[in-house]
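Colleague: After the structure tokens below, expect a handful of questions from me.
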Amino acid sequence: MTRLDVQPVLDEGDALRLLRHGEFELEGRLVDASNTTLRGFLTLDGVTARCVYKPVRGERPLWDFPDGTLAGREVSAYLVSRATGWRLVPPTVLRDGPLGPGACQLWIDQPEDGESLVGFVPVYELPVGWFRIASARDEEGNAYALAHADDPRLARMAVLDAVINNGDRKGGHVLVGPGGQVFGVDHGVSFNVDDKLRTVLWGWTRERLPDDAVEVLERLLPALDGPLGEQLAVHLTTAEVARTRERVGLLLAAGRFPGPSDDWPAVPWPPI
């Protein structure tokens, strides 16, 4: 098979069909991932695209999440993202693959000259309008700041993370794809019934929610009592779906972005 130079542009429906029914060919393993994460090709009706495949059998056991449930949480994050209309999570399905059932997600190419929205920045070079989240020093003692842009695309991601209770929003999990579309990936440790929100996107802590976020949350409430809740129930427990709805209600009642918990580390490690 000829290797792809450019990922094809697919609408959501075509991407989902390819993910569900495409013929698999594995390309290699992403070695930095804590769980088995493979990149591969999917081909259907003459169209080939890259994907990320996370087999259930390669999930590392966690003390606070039931074994074998991380792939379903990846799919659940996509389902909630799709319901918001923000397209923050790439199309993701649960399907059988070369190593058995697992989450299969469309690969996102990042242009070489793409934007940088999150990262460690020398303190004296912090871009205007960026939020400083934490301080750090390199091996030579130079001062850096963990920071992110004051960008509405990231603000939407912060709202999504609060809804799904994302326990691992690292800077490296924020991708800027073609056309400036921002995506979030790696949502396996989401939807816990306990407060697990860990993120580098704390810049809007306790600020008022944007009007568009309020409108989206107002749509999510009835959806979680209806079709969206039914879709999530395939992958999550009844209690986890109920807590997701409760988090949406609490966000609407407060009308503000959440703040860090006193009982749980606020920033994932490593943060990028």
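The values are calculated or read from the model by the stated rules, or taken from the named source; none is laboratory data. Please read all numbers here as calculations on a predicted model, not as lab measurements. Cβ placement follows ideal geometry from the backbone for every residue including glycine, while neighbour counts extend to all protein chains displayed. Keep in mind that these areas ignore ligands, DNA and RNA; they rest on the heavy atoms of the full protein, side chains included. Shrake-Rupley method; radii C 1.70, N 1.55, O 1.52, S 1.80 Å.
To keep it simple, each residue is scored yes or no on (1) open to solvent by less than 60 Å² (accessible area, probe 1.4 Å); (2) hydrophobic (A, V, I, L, M, F, W, C); (3) closer than 30 Å to residue 270 by Cβ; (4) in a loop (DSSP other than H, G, I, E, B).
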site: 6; (1), (2), (3), (4): no, yes, no, yes
site: 9; (1), (2), (3), (4): no, yes, no, yes
site: 18; (1), (2), (3), (4): yes, yes, no, no
site: 27; (1), (2), (3), (4): no, no, yes, no
site: 33; (1), (2), (3), (4): yes, yes, yes, yes
site: 36; (1), (2), (3), (4): yes, no, yes, yes
site: 41; (1), (2), (3), (4): yes, yes, yes, no
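Colleague: Still on this structure, I have one more. Given the residues 57, 50, 73, which is the only one that is open to solvent by 50 Å² or more (accessible area, probe 1.4 Å) and either on the phi < 0 side of the Ramachandran plot or part of a loop (DSSP other than H, G, I, E, B) (or both)?
Modeller: Of 57, 50, 73, the one residue that is open to solvent by 50 Å² or more (accessible area, probe 1.4 Å) and either on the phi < 0 side of the Ramachandran plot or part of a loop (DSSP other than H, G, I, E, B) (or both) is 57.
Colleague: Taking the condition in contact with a His (Cβ under 8 Å, 6 or more places away or on another chain) and either among the acidic types (Asp, Glu) or not in a loop (DSSP other than H, G, I, E, B) (or both), does residue 186 pass?
Modeller: So residue 186 passes the test.
Colleague: Tell me the residue from 256, 156, 169, 208 that is of a type outside the set (Phe, Trp, Tyr), open to solvent by 60 Å² or more (accessible area, probe 1.4 Å) and touching a Gly at 6+ places or on another chain (Cβ under 9 Å), please.
Modeller: Answer to the selection: 208.
Colleague: While we're looking at this one, here's another question. Find the strands (runs of 3 or more DSSP E) located wholly in the stretch 110-150 whose residues include 1 or more that are open to solvent by 80 Å² or more (accessible area, probe 1.4 Å) and in contact (Cβ under 8 Å) with a residue 24 or more places away in the chain, and list them.
Modeller: Strands (runs of 3 or more DSSP E) meeting the threshold: 118-122.
Colleague: Restricting attention to the stretch 1-53, report how many residues are over 21 Å from residue 185 (Cα atoms) and in contact with a helix residue (DSSP H, G or I) (Cβ under 6 Å, 6 or more places away or on another chain).
Modeller: Matching residues across the stretch 1-53 total 1.
Colleague: Among the residues of the stretch 211-238, which ones are small (Gly, Ala, Ser) and surrounded by fewer than 15 Cβ atoms within 10 Å (Cβ to Cβ)?
Modeller: The answer is 226, 233.
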